[in-house]
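J.: Input: one structure, supplied below.
The values are calculated or read from the model by the stated rules, or taken from the named source; none is laboratory data. Because the structure is predicted, anything quoted here is derived from the model rather than measured. Neighbour counts are summed over all protein chains in view; Cβ atoms, including those assigned to glycine, are modelled from backbone coordinates with ideal geometry.
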Amino acid sequence: MNDFLLSVILGIVEGLTEFLPVSSTAHLRLSEALLHASGLAPTLTLDSGYWKMYSIVIQLGAILCLPVYFWHRITRFVSTFPRGESGNRNVLTHPLGLTMVAFVVTAIPSFLLTKVIGKHLESLIIIGWSLLIGGIVMWIVDAINAKSEAAGPSAVGSRIHTWKMESMSLGQSIWIGFCQIFSAVFPGTSRSMSTIAAGQIAGMSRAAALEFSFFVSIPTMAAATLYTLYKSLRGKGENPIGVSQIDPHGWIVLAIGFMVSFIVAYASVAWFMAYVRKRGFAPFAVYRIILGTLVLVFAAKLM
């Protein structure tokens, strides 16, 4: 397969799956395995230095869509920091402060854990189980909250008490940051799934949990991705590749993947925000369960 077409395909996969609760890592790994099996890209291996770096670059493209999409929300948060629109917030409980708290809670343990065991877990079996278990958890949590979602904010005795991101508590932020660690350590869990389910468990509405998931992903993903890219381009870390080793063809392939990932991710976020408010997360949970089962069957055949 032509490298340019391959870059478009992988950029689409990354853009579609990065912010949906289905795991972009899992889908990139599966795309690699399927392209190998079909013979369309027999030399592709995402473990090689260049393609490892390529997967980081297209993830950056997807990340960049978030500050663009939420630009007006971000500027409003910045203008009301630290007291908030209602005037009852502080540095830690303002939406921007809560975002950074969740990031810090995630960042340090994730960095330490992934250096020890993370590199050994990017196997199809781990990904399959992560997809399957995560799907079951998401389905159960969303089903428990469904009645309260339908009743709305005015219902008495609702288990949902946080309908907007601006109303979040410090405890909810810490809890979501802690749960996000699982997605950093176990590929296939999905950062989006772990943060959304954690928010719902903590009494947040679908919309509030989803929006906070997007916001906390900006510093979390940017820090992790830029750090990994820096090591790769400096010729350090696992499967490094220096800038001098990338030829003009390689730079074009990177640029195509970056732009495709950005455009598709932007459209995916816009669609996802509208869809979830009406229909919830159950369809994504079912998809995860089916895909996880298929991945485990496929992995078993390869053994």
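J.: For Ser167, state whether it is over 26 Å from Arg29 (Cβ atoms) and free of Cβ contacts under 8 Å to residues at least 12 places away in the same chain. If you could, list the steps in order and put the result at the bottom.
T.: Values: over 26 Å from Arg29 (Cβ atoms): yes; free of Cβ contacts under 8 Å to residues at least 12 places away in the same chain: no.
No; evaluated as a whole, the condition is false for this residue.
J.: Check off (1) crowded, with 16+ Cβ neighbours inside 10 Å; (2) more than 16 Å from the chain's Cα centre (by Cα); (3) at pLDDT below 95; (4) β-branched (Val, Ile, Thr) for Val101 and give me the number that stays unchecked.
T.: Single failed check for Val101: (3).
J.: Considering Leu96, Leu10, Leu92, Leu16, which residue is modelled with pLDDT of 85 or more, in contact with a helix residue (DSSP H, G or I) (Cβ under 9 Å, 6 or more places away or on another chain) and in a loop (DSSP other than H, G, I, E, B)?
T.: Result of the check over Leu96, Leu10, Leu92, Leu16: Leu92.
J.: Here are the criteria: (1) at pLDDT 85 or above; (2) at negative phi. Tell me which single one Gly87 does not satisfy.
T.: (2)
J.: Which of the residues that make up the range 170-182 are buried (at least 24 other Cβ atoms within 10 Å of the Cβ) and closer than 16 Å to Val22 by Cα?
T.: If the condition is that a residue be buried (at least 24 other Cβ atoms within 10 Å of the Cβ) and closer than 16 Å to Val22 by Cα, then Gln180 is the only one that fits.
J.: Condition first: modelled with pLDDT of 85 or more and closer than 30 Å to Val101 by Cβ. Can you find one or more residues in the range 234-249 that meet it?
T.: Filtering the range 234-249 for residues modelled with pLDDT of 85 or more gives none.
No, the conditions are met nowhere in the range 234-249.
J.: Against the condition touching a Lys or Arg at 6+ places or on another chain (Cβ under 8 Å) and at pLDDT below 90, how does Pro153 come out, does it pass?
T.: Spelling it out, it is not the case that Pro153 is touching a Lys or Arg at 6+ places or on another chain (Cβ under 8 Å) and at pLDDT below 90.
J.: Next up: Just give me the residues in the range 33-65 being in a helix (DSSP H, G or I) and at pLDDT below 60, in sequence order.
T.: Just the residues of the range 33-65 that are in a helix (DSSP H, G or I), to begin with: 33-38, 49-65.
Ala37, Ser38 - these are the residues of the range 33-65 that are in a helix (DSSP H, G or I) and at pLDDT below 60.
J.: Inspect the range 144-160 for any residue being touching an Asp or Glu at 6+ places or on another chain (Cβ under 6 Å), touching a residue at least 12 places away in the same chain (Cβ under 8 Å), surrounded by fewer than 24 Cβ atoms within 10 Å (Cβ to Cβ) and on the phi < 0 side of the Ramachandran plot and give the result as yes or no.
T.: Checked the range 144-160: no residue is touching an Asp or Glu at 6+ places or on another chain (Cβ under 6 Å), touching a residue at least 12 places away in the same chain (Cβ under 8 Å), surrounded by fewer than 24 Cβ atoms within 10 Å (Cβ to Cβ) and on the phi < 0 side of the Ramachandran plot.
J.: Okay, moving on. Looking at the structure I just gave you, is Gly118 on the phi > 0 side of the Ramachandran plot and modelled with pLDDT under 85?
T.: Numbers: on the phi > 0 side of the Ramachandran plot: no; modelled with pLDDT under 85: yes.
No: the conditions fail for Gly118.
J.: OK, next. Of all residues being assigned to a helix (DSSP H, G or I) and touching a Leu at 6+ places or on another chain (Cβ under 6 Å) in the range 122-180, which is farthest from Leu291 (Cα to Cα)? Just the residue, please.
T.: Going residue by residue through the range 122-180, those that are assigned to a helix (DSSP H, G or I) are 124-151, 165-167, 170-180.
Next, only the ones that are touching a Leu at 6+ places or on another chain (Cβ under 6 Å) stay: 128, 131, 170, 173.
Numbers: Gly128: 8, Leu131: 7, Leu170: 35, Ser173: 30 Å.
By that ranking, first place goes to Leu170.
J.: Are there any pairs, at least 6 apart or on different chains, whose C-beta atoms fall under 6 Å, with the first in the range 65-93 and free of Cβ contacts under 8 Å to residues at least 60 places away in the same chain and the second exposed (fewer than 15 other Cβ atoms within 10 Å of the Cβ) and aliphatic (A, V, I, L, M), and if so, which?
T.: Cβ pairs passing all conditions: Pro82/Val91.
J.: Out of the range 272-292, which residues are out of contact with any helix residue (DSSP H, G or I) (no Cβ under 6 Å at 6 or more places or on another chain) and more than 16 Å from Ile196 (Cβ to Cβ)? Even if it seems obvious, please write down each step before you answer.
T.: Initially, the range 272-292 is screened for residues out of contact with any helix residue (DSSP H, G or I) (no Cβ under 6 Å at 6 or more places or on another chain), giving 272-275, 278-279, 283-284, 286-287, 290.
Hit for the range 272-292 is Ile290, nothing else.
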